[in-house]
Amino acid sequence: MSALIANPYGLWAIYRFEMARFLRTVWQSLLTPVISTSLYFVVFGAAIGSRMSEMHGVPYGAFIVPGLIMLTLFTESLSNASFGIYFPKFTGTIYELLSAPVSPLEAVLAYVGAAATKSVVLGLVILATASVFVPLHIAHPFAMLGLLIFTAATFSLFGFIVGVWAKGFEQLQVIPMLIMTPLTFLGGVFYSIDMLSPAWRTFSLFNPVVYLISAFRWSFYDHADVNLAVSLGFLLGFFAVCAAVVTLIFRTGYRLKN
Amino acid sequence: MSTILSIKNLSKTYASGLTALKPINLDIRQGEIFALLGPNGAGKTTLISIVCGIVTPSGGSVLADGHDIVRDYRAARMKIGLVPQELATDSFESVLATVRFSRGLFGRKPDEAHIERVLRDLSLWEKRNDRIMTLSGGMKRRVMIAKALAHEPRILFLDEPTAGVDVELRRDMWALVRRLREQGVTVILTTHYIEEAEEMADRVGVIRKGELIVVEEKDALMRKLGKKQLTIQLKDALTEIPATLGAWPLELASAGSELIYRFDAKAEDTGIPPLLRQLHELGIAYKDLNTQESSLEDIFVSLVSTRTEAAA
Ligand SMILES: Nc1ncnc2c1ncn2[C@@H]1O[C@H](COP(=O)(O)OP(=O)(O)OP(=O)(O)O)[C@@H](O)[C@H]1O
Ligand SMILES: [Mg+2]
């Protein structure tokens, strides 16, 4: 009981199982985001971007890269992690997890770790795709990688909560579609909030995604729309809230146990 | 014999307000086969689910091989294997992958030799690389058993392992359970086929409306509650039972051509010789005689139904 991870075999088994699910459909998993990101580059980077002025000294095509990676990171982390825990609830195979000598921490690390791994891989693939279209420059590569991993982990944790909460496939779709997509599009993937009118700019500051995209873009181009410390505070705060909710879920057995 | 599973005052009321288990006390002995019987909705699955950690108890405690299932859940759960009532498998996985997964999940390091043994025992070895969704229902049930055995549990729960299973698989299952017992595994099973309990169990527990109404050695139960029945086939049908036979609780059957006498199986004095003498004196001739012992099924039905009457 003393060790935090007393059942490493169990943790590894879940992680492997989740990764196997990813690898079974690896081509779809990778191809879809690569194609859609390429389309963004063709439309926004080449067609429209050529008429756009530089943003803080960065060509428009390159400017949208961090935001696009974040967009994929949010949606993929959320859907991978929520599906990963929802599906066994749906098929009934969750009985095995519930009856196994696996602690909540181990289960969460495995599910969230696997979901985050997938979206980090996807993020890097998109980064590689982007470098084909636009000249990329990464000012703070380690910070970039750190943000990539931490954002993926946070949104996977959030996805885990959504998966436990969801009672049907529709609910599984609701959060990404109804909340994440609008927040992300209005969060400055395609523009700098400095470009907005003062009223919209103030309004945007209520959108947490703005802070995440701003920080991530800073790691590329050394320029942030909002204060970097505030961005990191947001990310850490969101992570802490999700972690607290997950702890509560396991303590009470909410929607997992009768 | 030592106790491997000790259930104390275990109760469960679901969020809906339904009380599925009234406080239950039960000790399971190391190495026995225990059959838990009861009508639909009696609380068998609820009881098993609590012990395995799938349902949270409302009260009471359980020790599995000395480990509290809540406080010391890791040690307790490593000893326990579960084959649930409902079929639930990972359709896209191969048989081998899913069984290896179960072993890892339960904290055991890989052991290919053990996995092969389990798969061979369940006639799954040939199918080891098949995706589970391509298997028949009976085969999927075997996969679930293989998963439950992957981590070498000391206590195995089989919740209706033979529901919807053909005769051959049922025989295989019985053979497997006996082999497990030889290896010292304690098996707790539920079934609606009473003949199964009769065939396999060392002890039987009957649960009804969340109450454990009987826990008894199977043999003792059958001796204690078993009835015998003597059927006398008459040469000429009777319209009524002669008054001089009033000392025996007799019934007429088959339009008066059969006389039926029920008596206590364990009684010294069955009352049969004087009955036959009396028939002879009355000039009632008979063609044939036979006696039957009531099965566990008859006992079970009478147990469950007499209690219903008593409760009503
Ligand atoms: N999740 C639940 N929420 C509310 N009530 C439940 C739940 N699960 C079971 N019950 C109720 O608890 C009672 C006991 O159910 P249980 O599944 O333990 O019975 P059982 O003896 O296994 O029956 P069966 O032979 O049909 O499998 C039933 O009345 C059932 O409807
Ligand atoms: Mg049941």
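Each of the peptides B:95-102, B:16-23 was scored by the mean count of other Cβ atoms within 10 Å over its residues; in descending order, highest first, they stand as B:95-102, B:16-23. Quotient of the Cα radius of gyration of the stretch B:227-293 and 2.2 N^0.38 Å, N being its number of residues: 1.04.
For chain A, set up a Gaussian network in which alpha carbons nearer than 10 Å are linked by springs, and say which option among A:Gly67, A:Gly113, A:Gly57 fluctuates the most. Residue with maximal mean-square fluctuation among A:Gly67, A:Gly113, A:Gly57: A:Gly57.
The tail of the calculated P(r) for the protein assembly as shown beyond 41 Å holds 43 percent of all Cα-Cα pairs.
Each label point was placed 7 Å from the Cα along the Cα-to-Cβ direction; for A:Val42 and B:Asn290 their separation is 8.3 nm. Applying 0.36 nm per residue to the separation of B:Arg178 and B:Glu116 and subtracting their alpha-carbon distance, the gain on full extension is 20.4 nm. Rg and Dmax of the stretch A:8-252, both derived from C-alpha coordinates alone, stand at 18.4, 60 Å. Local charge sum around B:Arg74 (other residues, Cβ-Cβ under 15 Å, Lys/Arg +1, Asp/Glu -1)? Charge balance in the 15 Å sphere: +1.
Only helices enter this figure: runs of n ≥ 4 DSSP H residues, each worth -39500 (n - 2.57), summed and divided by the residues of chain B, yield -10000 deg cm²/dmol at 222 nm to the nearest 500. Note on the stretch B:227-293: with charges restricted to the Cβ of Lys and Arg (+1) and Asp and Glu (-1), its dipole about the Cα centre is near 80 debye.
With r defined as the distance between the Cβ atoms of B:Glu195 and A:Arg255 and R0 fixed at 30 Å, what FRET efficiency is calculated, to the nearest 0.05? The value I calculate is 0.15. Multiplying the residue separation of A:Leu248 and A:Arg24 by 0.36 nm and removing their Cα-Cα distance gives an extension gain of 77.4 nm. For peptide B:80-88, the mean count of partner chain Cβ atoms within 10 Å of a residue's Cβ comes to 3.
How much net charge surrounds A:Thr151 when only the other residues with a Cβ under 14 Å from the Cβ of A:Thr151 are counted, with Lys and Arg +1 and Asp and Glu -1? In short, +1.
Working from label points 7 Å from Cα in the Cα-to-Cβ sense, the B:Ala243 to B:Asp219 distance is 4.8 nm. Out of A:Ala46, A:Ala139, A:Ala229, any idea which swings most in a Gaussian network model of chain A, alpha carbons joined below 10 Å? Taking springs between Cα atoms under 10 Å, the residue moving most is A:Ala229.
Dipole orientation for the stretch A:8-252: of the candidates A:Pro88, A:Phe238, A:Leu178, A:Pro88 has the Cα lying most toward the positive pole (charges on Cβ; Lys, Arg +1; Asp, Glu -1).
Counting other Cβ atoms within 10 Å as a rough exposure proxy, the listed residues B:Cys52, A:Cys242 run A:Cys242, B:Cys52 from fewest neighbours to most. Partner shielding of B:45-52 amounts to 2, given as the average count of beta-carbon atoms from other chains within 10 Å of each residue beta-carbon.
Computed per residue of chain A from DSSP H runs no shorter than four, each worth -39500 (n - 2.57), the mean residue ellipticity at 222 nm is -23500 deg cm²/dmol. The radius of gyration of the Cα set in the stretch A:11-126, together with its Dmax, comes out at 18.2, 60 angstrom.
In this Cβ point-charge picture (+1 for Lys and Arg, -1 for Asp and Glu), chain A has a dipole of about 540 debye about its Cα centre. Each label point was placed 7 Å from the Cα along the Cα-to-Cβ direction; for B:Glu86 and A:Ser197 their separation is 5.4 nm. Helix A:208-221 and the longest principal axis of the Cα set of chain A meet at an angle near 60°.
Only the coordinates and a few stated rules stand behind these numbers; no lab work does. Remember, predicted model here, so these are calculated numbers, not experimental data. With ideal geometry, Cβ positions are generated from the backbone for all residues, glycine too; neighbour counts draw on all protein chains shown.
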